[in-house]
Amino acid sequence: MFWYIVLICTILLVLVYISMKLSPRRAQLKNKHVIVTGGSSGIGKAIAILAAERGANVTIFARNKLRLEEAKTEIKQKLQTGCKVQCISVDLSSNYEDVKKAVSEAEDKLGPVFMVVNSAGTSVSRSFQDLQADDFKKMMEANYYSAVFTTKAAVDSMVQQQQGRLIFLSSQAGQIGLFGFSAYSGSKFALRGMAEALQMEMTPHNIRVTVAFPPDTDTPGFQHELIGKPKETQLISETAGLLKPQDVAMAIIDDSLKGEFISYQGMDGWLLAHVTAGMSPATSLPRVIQQFFLMGLFRVIGLFYLASFDSIVLKCKKEKDSEKVKAS
Ligand SMILES: NC(=O)c1ccc[n+]([C@@H]2O[C@H](COP(=O)([O-])OP(=O)(O)OC[C@H]3O[C@@H](n4cnc5c(N)ncnc54)[C@H](OP(=O)(O)O)[C@@H]3O)[C@@H](O)[C@H]2O)c1
């Protein structure tokens, strides 16, 4: 009995030690400078508002000046005493020099940046055959290069401070490739690869990287994506729900402050995060334990999901074929 208790205590001590090694100390946003790209709309705006509520000084980047000013007014109402918000109009996807200028302008006014939230992005959903060759380039520019350019422009100052948080908004379509998302998924998978490499370089500088994989979220961007979305994609997407940007923002900020590499929402997100964990870094002991026990089971459940998606695609093809026969 004595040795049994000693064994249990030793295992518990080892687990606590591993847990402490994996998880960094939780960060705070009070009086820190947070840059949110795409902060004039949707998830980015919800994150900017949340950062303001938590006492941060906030800079938002986007192109449209009117929407930026409107968002700035909204964020201002949530600012804590003595904190500031500014907006900077910049196209983050075209030219690195413009982005660098915008980041240094932001830092000149509100001090060295602590957190960069790369939320700027866009989506077009069409079948591969219906997409234009240029759509693939546009997705990479808006979703991938905008994040690379902004992070690159901010990272030297973060390394100098030896602290910080970097957040990349991928998508569940950055974990699983679905009908209609070949251009979008390419750009969102790319973000994850870049972020995995970057986190290995940043962790020794006390800078934590988080990749967020939100499901469908009710934003202007999501409403825009619905235009021209193939029926197959709509039916597959309907199997999941529609989240509020405020809930997604809360989960992303909390995961980033805790130092989690992966941020997910909901049951589907939990399953996808674990089944696609691969060689991503371990940032919390509970998640590692869950992956150890659940990955095999989740792979099997994932195969059922895939089978149902494939059957939707096949059903739509049959419908299209019979419509063609009727029309001829
Ligand atoms: N909503 C969803 O269902 C969902 C799900 C998963 C992941 N996501 C990802 O989450 C992020 C936010 O999505 P959302 O739905 O909130 O988008 P949204 O409502 O369309 O907002 C996008 C923001 O990005 C800015 N932006 C776009 N291209 C830009 C550029 N080249 N330079 C500077 N700013 C640019 C937009 O402002 P301007 O147009 O004025 O520049 C706007 O502020 C995106 O990366 C998206 O892919 C969204």
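The values are calculated or read from the model by the stated rules, or taken from the named source; none is laboratory data. Since this is a predicted model, take the numbers as computed values, not measurements. Cβ sites come from the backbone with ideal geometry, for glycine too, and all protein chains shown count toward neighbours. Accessible surface areas use protein heavy atoms only, side chains included; no ligands, DNA or RNA. Shrake-Rupley method; radii C 1.70, N 1.55, O 1.52, S 1.80 Å.
Among the candidates 300, 275, the residue that is open to solvent by less than 90 Å² (accessible area, probe 1.4 Å), out of contact with any Ser or Thr (no Cβ under 7 Å at 6 or more places or on another chain) and over 25 Å from residue 197 (Cα atoms) is uniquely 300.
Scanning segment 60-86 for residues that are touching a strand residue (DSSP E or B) at 6+ places or on another chain (Cβ under 7 Å), within 16 Å of the ligand (Cβ to nearest atom) and closer than 14 Å to residue 50 by Cα gives 60, 71, 72, 75, 85. Residue 287 falls short on exactly one of the conditions (1) at pLDDT 95 or above; (2) surrounded by 13 or more Cβ atoms within 10 Å (Cβ to Cβ), and that condition is (1). So, in segment 127-172, of the ones that are open to solvent by less than 40 Å² (accessible area, probe 1.4 Å) and more than 19 Å from residue 117 (Cβ to Cβ), which residue ends up nearest to the ligand (Cβ to nearest atom)? So, considering only residues that are open to solvent by less than 40 Å² (accessible area, probe 1.4 Å) and more than 19 Å from residue 117 (Cβ to Cβ), the one nearest to the ligand (Cβ to nearest atom) is 139.
Taking the conditions (1) touching a residue at least 60 places away in the same chain (Cβ under 8 Å); (2) surrounded by fewer than 20 Cβ atoms within 10 Å (Cβ to Cβ) in turn, residue 113 satisfies each one other than (2). Selection within segment 1-32: residues that are more than 28 Å from residue 286 (Cβ to Cβ) and at pLDDT below 95. The member of this set that is least open to solvent (accessible area, probe 1.4 Å) is 2. When 49, 35 are screened for being in contact (Cβ under 8 Å) with a residue 40 or more places away in the chain, open to solvent by less than 60 Å² (accessible area, probe 1.4 Å), under 30 Å from residue 203 (Cβ atoms) and in a helix (DSSP H, G or I), only 49 passes.
Taking the criterion of being in a loop (DSSP other than H, G, I, E, B) and farther than 26 Å from residue 155 by Cα, would at least one residue in segment 113-123 satisfy it? Yes, because at least one residue in segment 113-123 is in a loop (DSSP other than H, G, I, E, B) and farther than 26 Å from residue 155 by Cα. Picking from residues in segment 245-262 that are without any contact (Cβ under 8 Å) to a residue 60 or more places away in the chain and within 13 Å of the ligand (Cβ to nearest atom), the one that is nearest to residue 191 (Cα to Cα) is 251.
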